[in-house]
Every structure is written in structure tokens, then in C-alpha cells.
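J.: What follows is a structure written as C-alpha cells; I'll ask about it next.
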């Protein structure tokens, strides 16, 4: 494989990794999508292809554009691409120990000028960077789902992140068509820290029988000009992920606003994780699309 030194490598072919890879390829850049297991890589590429096909069905893309985008996404499972990538964007699960181990490995095999980016909604950039010998070249980017549609991206500086690294990542964000917002490291950054109490309170309103899940989301979405209500947002992110964020913020900040609602705990224990499991506050089909309004609170 001929590696392009201006390429970007994405590690993790899950939902967010797929979205980042597609956005990079749409921007005209070469991207290597890396996964440890070939079956996960195949699944990721199939999801990207399906998303592009959906765009074609909506007349938002042509077959020629689809082929051009896919031609710039190179699925790989080995480490060969890591040596010459300009940026490596990590998009694995939100687990500090796993990310730290990965960054320590990347530090050994990547080129000395490669910038490392972690996609995280709340973890410490400084702590992740401490497992490398290039803390000045480590930053966070918080992409929101769906990556292709959400225009904002948080750029999070660790304690040692250099101005040059920040400028390079800010330029990358602009090339991807994103509006970057600068964040100095603090638990939850901006979007996660603010949305979690909002989502948590909506769950308490449902648990206390004030209104149905459908009516709660309708009131908030229409009342505040939101695309989705908080319970739909939780279902889309994943109720297990939302609970993990809450528990992490509660540990870090000790603020009761972040203590998970008992209803959320009960739903996660029951395996009702939202869109990915087919049932959360609402119900979904196998493609993750909501089925006729059948709220869990009714």
C-alpha cells in the first residue's frame, strides 16, 4: 500500500469513526480507517456506504460523488499507516485506560511530527497525553453525532498542548466544514457538561409522571427550537453511554445535577439502551429508525 503523508488515520470504525472518516473523505482528503478486527472494519465500511446511498436517495449526492468519496477511504488493520500520517484521530470507546494504552503505543510507532487527536466527550486530554513523549502534540476533538450533520466541534487543549498544535487542528476542523470552539480542559467540556443535566431532568420529569416521553420531547423541541428533545437525544447517544457520562461527571464534580436518574439506571439494567438496542424511551427498527410513536413512559 502506498501511504500518502498528508493522510489522516482514524482509529476505530464505530459510529463516530465512520462519521469522521466520511467527513474527511468528503473534504477531499485521504483517510485510513483502522480497526483491529476485519469484521468490524467491514461493518464500518458497509455503514458508510449505506449512509452515502441514503444521501443519493435524497438527491443530495450522485453516484460519481459516492465513488470518489469511497475511493479516498482506505480500510486497514495493520500499523503501517501510522508512521506517516499527518494526524491520527482516535475514536475508540470512552475508556481512559484503553485510550492511554493506545496513545502510548501510537507514540512508539507514529512519526515524530504526527499530531494525536482523541475524540472524547469528557476525558482528560492532559492525562491521555501524559502517556506519550509528545504531550505538546496531543489534543481533543469532540465530534457530535451524527458527525456529518453537526457543524460544531469542540477543540480541547491539554495542559501541554502547544499553540502550533492548536492552530493545525483548528485549520483541520475548518477544512472539514466544522465550526471550531476552543475549550480549556475541564470535566465535560461544553456540550457534554451542559446537555447532561438537561437530559437528566427530563428523565426525572418522566419518572415522576408529569408527562409522557413523547410530550416531554415535543414540548422541549418545539418550545426551544431544537431538532430533537432530550429523551430522543439520549436514545440516539445510547443510554449506557449517557449513564457513563453522568457517573464520570458526578465523580469529578460531586454535583447532584449529574447523579443518574433512577429510571435511567433501571432501563440500562434491562438492556433498553436506546436506538442501538431497539428500545429506549422510544422504540426503533433494525435500521435505527423510530417506529410509530410508542413511548416507554405511556
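Please treat every number below as a calculation from the coordinates, not as lab data. From a predicted model like this one, the values you see are computed outputs, not experimental measurements. A quick note on method: Cβ atoms are made from the backbone with ideal geometry, for glycine too, and the neighbour counts reach across all protein chains shown.
J.: Which percent of Cα pairs goes in each bin when the distances of the chain are cut into 10 angstrom slices starting at zero?
T.: Taking all Cα pairs of the chain, the binned fractions are 6, 26, 33, 24, 9, 1, 0 percent.
J.: Which angle from 0 to 90°, rounded to the nearest 10, does the C-alpha axis of helix 191-207 make with the longest principal axis of the chain?
T.: 20 degrees
J.: Averaged over every viewing direction, what's the projected area of the C-alpha convex hull for the stretch 8-184? Give it in nm², one decimal, please.
T.: With every direction weighted equally, the projected area is 9.1 nm².
J.: Along Cα→Cβ, 7 Å out, is where each label goes; now give me the distance between the ones at residue 127 and residue 65 in nm to one decimal.
T.: Distance between label points: 4.2 nm.
J.: A further question follows. How high is the relative contact order of the stretch 173-298, in percent, counting Cα pairs under 8 Å that sit 6 or more residues apart?
T.: 23 percent
J.: If I stretch the segment between residue 42 and residue 78 completely, what's the gain in nm (0.36 nm per residue apart, minus their alpha carbon distance), one decimal?
T.: 11.5 nm is the gain from fully extending residue 42 to residue 78.
J.: When the label point is put 7 Å from the Cα of residue 210 along its Cα-to-beta-carbon vector, which residues of the stretch 242-272 have a backbone N closer than 19 Å?
T.: Once the point is set 7 Å along Cα→Cβ of residue 210, 256-265 turn out to lie under 19 Å by backbone N, inside the stretch 242-272.
J.: Okay, moving on. Please give the contour-minus-distance gain from residue 159 to residue 54: 0.36 nm per residue of separation, less the Cα-Cα distance, rounded to one decimal in nm.
T.: Length gained, residue 159 through residue 54: 33.6 nm.
J.: Related question: For the stretch 133-285, report the translational diffusion coefficient in µm²/s to the nearest whole number, using Stokes-Einstein at 37 °C, 0.692 mPa s, and a Kirkwood Rh over Cα pairs.
T.: Answer, rounded: 194 µm²/s.
J.: Residue 226 to residue 194: extension gain in nm, 0.36 nm per residue of separation minus the Cα-Cα distance?
T.: Between residue 226 and residue 194, full extension yields 10.1 nm more.
J.: Separate question: Treating the angle as unsigned and between 0 and 90°, give the value, to the nearest 10°, between the Cα long axis of helix 15-26 and the longest Cα principal axis of the chain.
T.: 50 degrees
J.: Find how many whole Å separate the alpha carbon centroid of the stretch 137-201 from the alpha carbon centroid of the stretch 238-298.
T.: When both Cα centres are located, 23 Å separates them.
J.: Also, quick follow-up: State the Cα centre-to-centre distance between the stretch 110-127 and the stretch 20-78 in whole Å.
T.: 23 Å
J.: Can you tell me the 0 to 90 degree angle between the C-alpha axis of helix 239-253 and the longest principal axis of the chain, rounded to 10?
T.: 80 degrees
J.: How large is Rg over Rh for the stretch 18-118, taking Rg from the Cα atoms and Rh as the Kirkwood inverse mean of 1/r across Cα pairs?
T.: Expressed as Rg/Rh, it is 1.01.
J.: Over the Cα atoms of the stretch 192-269, what radius of gyration and what Dmax do you get, in Å?
T.: When restricted to Cα atoms, the stretch 192-269 yields Rg and Dmax of 11.9, 33 Å.
J.: Could you line up 82, 96 from fewest to most neighbouring Cβ atoms inside 10 Å?
T.: In increasing order of surrounding Cβ atoms, one gets 96, 82.
J.: Okay, helix-only estimate at 222 nm for the chain: each DSSP H run of n ≥ 4 adds -39500 (n - 2.57), divide by all residues, round to 500 deg cm²/dmol; what do you get?
T.: Rounded to the nearest 500, it is -13500 deg cm²/dmol.
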